[in-house]
Amino acid sequence: MQCTPNLAGEVAVVTGGTRNIGLAIARTLAAHGASVCVTGQADQAALERALATLTADGAQATGLLGDVADPQIAQRVFDQAEGALGGPVSILVNGAASRPHTPLLEIEPDEWNAVLGTVLGGAFYMAQRLFARLPAERKGAVVNLGGLSAHRPAVDRPHVIAAKTGLEGLTRALAEEGLGRIRANCIVPGAIETERRPGQSAPHKAEQGPARMTGTSEDVAAAVLPFCDPTQSYVTGQTVHVDGGRYMP
């Protein structure tokens, strides 16, 4: 793997790319030459801020809002990315997620379906579009953002844990489907210092201390970067943790 890939001429899609880890990844890809399309679900102001940040950095960028659980949104994302950025999309980072904390007995079907739809369904639909639309002569890369709770389960998160665990299985399936052309890997952030919405919990807060520090969105982006290089092909189907040693298999 190259540590500093040259992504000039590549078009990247980062779902969940309007804030925090997703935005840091988009900025990092852009800094290495990629044109970037970011998506968010419902926050127009966050999308506008993200695009302003990316263009201020000198990036060619576009974006749109929509729930990636809807397969039609995946189609729209690729249409916009290719139309605005000169396509085709060769890099896909699946970061869109829904991570509510709800007691097991209080999870309603709608909430269960919404979490799995966004995290797992969205990653599938987006990857499906990449596989379908990437020209045969081009190589591509998929990076899925997993979750530490898939490896260190916690209460009140069965839907999130199921979705993130499934995402790792999907990563391996995509790696096998894409052997030699589209590689797929999974990056698992640990306790990352992010801007959180009102009422949103901070997972792993009880673990903080001098020897168990939090990471930054840029730490995750730095780990994601080499897996986004379409010129590489041999490292695929892997799960890599960026968590300060919270999970050591």
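The values are calculated or read from the model by the stated rules, or taken from the named source; none is laboratory data. Here the structure is a predicted model, which is why all the values come from computation and not from measurement. Glycine also receives a Cβ, built like all others from the backbone with ideal geometry; neighbour counts cover every protein chain displayed.
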Strands (runs of 3 or more DSSP E) wholly inside the stretch 2-101 containing at least 2 residues that are more than 27 Å from T214 (Cα to Cα) and without any contact (Cβ under 8 Å) to a residue 60 or more places away in the chain:
35-40, 61-65
What number goes with the only condition from (1) in contact with a helix residue (DSSP H, G or I) (Cβ under 8 Å, 6 or more places away or on another chain); (2) free of Cβ contacts under 8 Å to residues at least 60 places away in the same chain; (3) not polar (S, T, N, Q) that L145 does not pass?
(2)
Does at least one position in the stretch 190-198 carry a residue that is surrounded by fewer than 23 Cβ atoms within 10 Å (Cβ to Cβ), modelled with pLDDT of 95 or more and farther than 23 Å from D219 by Cα?
no
Within the stretch 89-117, the count of residues that are over 12 Å from V68 (Cβ atoms), out of contact with any Gly (no Cβ under 6 Å at 6 or more places or on another chain) and among the polar types (S, T, N, Q) comes to 2
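Rundown of residues vs (1) surrounded by fewer than 24 Cβ atoms within 10 Å (Cβ to Cβ); (2) under 26 Å from G146 (Cβ atoms); (3) small (G, A, S), yes/no style:
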position	(1), (2), (3)
P5	yes, yes, no
G9	yes, no, yes
G16	no, yes, yes
I25	no, yes, no
L51	yes, no, no
G63	no, yes, yes
D70	yes, yes, no
Q80	yes, no, no
Within the stretch 201-222, can one find any residue that is at pLDDT 95 or above and in a loop (DSSP other than H, G, I, E, B)?
no
Checked pairs for the stretch 150-177, first over 20 Å from N113 (Cβ atoms), second basic (K, R) and surrounded by fewer than 21 Cβ atoms within 10 Å (Cβ to Cβ), C-beta under 9 Å and 6 or more apart or across chains, list as H151/R246; R152/R246
Within the stretch 28-40, how many residues are buried (at least 24 other Cβ atoms within 10 Å of the Cβ) and in contact with an Asp or Glu (Cβ under 7 Å, 6 or more places away or on another chain)?
1
